Amino acid sequence: MNVPLLDLQAQYASLGDEVRPAIERVLASQRFVLGDEVRRLENSLSEYCRTKYAVGCASGSDALLLALMALDVGAGDEVITTPFSFFATASSIARLGARPVFVDVDRLTYNLDVSRVADAVTPRTKAIVPVHIYGQCVEMDPLLELSERHGIPIIEDAAQAIGATDRGRRAGSMGALGCFSFYPTKNLGGAGDGGLVTTNDEQLAQRLRRLRAHGGSTEYEHEEVGVNSRLDELQAAVLNVKLPHLDEWSDGRARIAEFYSSSLQDVDFEIVTPLVRPGCRHIFHQYVVRVPRHHDALMEHLRERGVGTKVYYPIPLHRQVCFSYLGYEAGAFPEAESAAAETFALPAYPELSDAQRAYVVDSVKSFKPRT
Ligand SMILES: *Cc1c(COP(=O)(O)O)cnc(C)c1O
């Protein structure tokens, strides 16, 4: 049997008949940038995320960049974030000339350790960017309280967490701004790049609309220097078809996660299954296990059995060569570094058959550690 880490073909097999006519409609209209499909998607997603506004853009990376620009983050500013995330979380900060200030993650959730954030605040702190990693929200209440106390806005990197909740509040609706990605492998993935920023603040929404279109509110008048980061109609058309299925897919992922976690309780070696915070909805963008002593050997064993795995993320951001100028040494963030060394993802996409799920569990259990 073969169980890839993700199988987008399986999703397309059930969706192709809906997607193709939607694409045909866009081709027939010959309207490709910021048209009706984008407006429809923005409306549906502001409703889905329970925010007043949603502004489409070209990618999740650009969503972060635009959100930071909308808060006037620039040279000399500091932005607090996690060292354990996809590269764009920190690169968007660095691209604006601001300094990413990392705070270590929590050992069990791999999310920002919110108890350490206050110590990282300085007079130069311009924003805080928590990442809802793997599809589970950061514990937002302490962060929101800190944000309020210091007047420092929060930008949620919700690229992996569309539809996740923290005490009933949706990812992307709690901070000043929420950033989403429609990269094809995300829970809501397009047929290429795409992104979106959510907010409840009308002025920020207007600013985002301007910034994504070269900083102009009309075509040839520019109040500021923005970027070209628009969402195209073909992407929006595909996403409009997929959005009604999103909850069913994310619930399917959560059911697989539950099956894995209950099946992997009695294993001969230490394997730590994901912690789901009580009262929160985890959408399991990734199902990540920690295997402290047999990480590489178990991954190799699963590869031999045809089970796909992947390490998210093998090099924490503070150890990336491009960020060496920040001066963080190895050992600066022990939890991020041990997570990078000890964790990997198992296949948990919703189209997995019962036989495939069982095979993944059997494959893990058949591993015999050499001590
Ligand atoms: C995917 C992702 C991004 C970037 O999104 P793109 O659409 O690929 O640019 C940013 N942050 C996190 C946490 C992500 O997972």
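The values are calculated or read from the model by the stated rules, or taken from the named source; none is laboratory data. Being a predicted model, the structure only gives us computed values, none of them experimental. Every residue, glycine as well, gets a Cβ built from its backbone with ideal geometry; the counts of neighbours run over all protein chains shown. Accessible surface is based on the protein model in full, side chains and every heavy atom, while ligands, DNA and RNA are left aside. Shrake-Rupley method; radii C 1.70, N 1.55, O 1.52, S 1.80 Å.
Would you mind stating whether ARG116 is in contact (Cβ under 8 Å) with a residue 24 or more places away in the chain and away from the ligand (no atom under 16 Å from the Cβ)? Steps first, please.
Details: in contact (Cβ under 8 Å) with a residue 24 or more places away in the chain: no; away from the ligand (no atom under 16 Å from the Cβ): yes.
So ARG116 fails the test.
Within segment 145-157, is even one residue free of Cβ contacts under 8 Å to residues at least 24 places away in the same chain, within 26 Å of VAL276 (Cα to Cα) and assigned by TED's automatic domain parsing to the domain that holds SER29? The answer is yes; a qualifying residue exists. What about SER91, is it more than 20 Å from ARG281 (Cβ to Cβ) and either within 12 Å of the ligand (Cβ to nearest atom) or outside any helix (DSSP H, G or I) (or both)? Criteria met by SER91. The sole residue among ALA98, ALA118 that is modelled with pLDDT of 95 or more and surrounded by fewer than 20 Cβ atoms within 10 Å (Cβ to Cβ) is ALA118.
Screening segment 153-199 for strands (runs of 3 or more DSSP E) wholly inside it with 3 or more residues that are within 12 Å of the ligand (Cβ to nearest atom) and under 21 Å from TYR312 (Cα atoms) returns the ranges 177-181. Scanning segment 25-48 for residues that are hydrophobic (A, V, I, L, M, F, W, C) and either buried (at least 23 other Cβ atoms within 10 Å of the Cβ) or within 16 Å of the ligand (Cβ to nearest atom) (or both) gives VAL38, LEU41, LEU45.
Among the residues making up segment 212-238, those that are crowded, with 16+ Cβ neighbours inside 10 Å and touching a strand residue (DSSP E or B) at 6+ places or on another chain (Cβ under 9 Å) are ARG212, ALA213, HIS214, GLY226, VAL227, SER229, ARG230, LEU231, ASP232, GLU233, GLN235, ALA236. With respect to ALA22, is the statement that it is surrounded by 14 or more Cβ atoms within 10 Å (Cβ to Cβ), in contact with a Pro (Cβ under 7 Å, 6 or more places away or on another chain), over 21 Å from ILE283 (Cα atoms) and in contact (Cβ under 8 Å) with a residue 40 or more places away in the chain true? No; evaluated as a whole, the condition is false for this residue.
Applying the condition of being in contact with a helix residue (DSSP H, G or I) (Cβ under 9 Å, 6 or more places away or on another chain) and open to solvent by less than 10 Å² (accessible area, probe 1.4 Å) to segment 133-145 and asking which residue is nearest to the ligand (Cβ to nearest atom) yields GLY135. Criterion applied to ASP157, ASP104 was being buried (at least 24 other Cβ atoms within 10 Å of the Cβ) and within 19 Å of the chain's Cα centre (by Cα), and the one residue passing it is ASP157. Kindly evaluate ALA257 against the criterion of being open to solvent by less than 10 Å² (accessible area, probe 1.4 Å), out of contact with any Lys or Arg (no Cβ under 7 Å at 6 or more places or on another chain) and not assigned by TED's automatic domain parsing to the domain that holds VAL114. When the stated conditions are applied, ALA257 passes them.
So that you can scan it fast, the table gives a plain yes or no per residue for (1) within 30 Å of ALA94 (Cα to Cα); (2) open to solvent by 40 Å² or more (accessible area, probe 1.4 Å):
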{"residue": "ASP266", "(1), (2)": "no, yes"}
{"residue": "THR273", "(1), (2)": "no, no"}
{"residue": "ASP296", "(1), (2)": "no, yes"}
{"residue": "VAL321", "(1), (2)": "yes, yes"}
{"residue": "ALA341", "(1), (2)": "yes, yes"}
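For ALA340, state whether it is of a type in the set (A, V, I, L, M, F, W, C) and within 17 Å of MET1 (Cα to Cα).
Numbers: of a type in the set (A, V, I, L, M, F, W, C): yes; within 17 Å of MET1 (Cα to Cα): no.
Considered against the rule, which asks whether it is of a type in the set (A, V, I, L, M, F, W, C) and within 17 Å of MET1 (Cα to Cα), ALA340 comes out as no.
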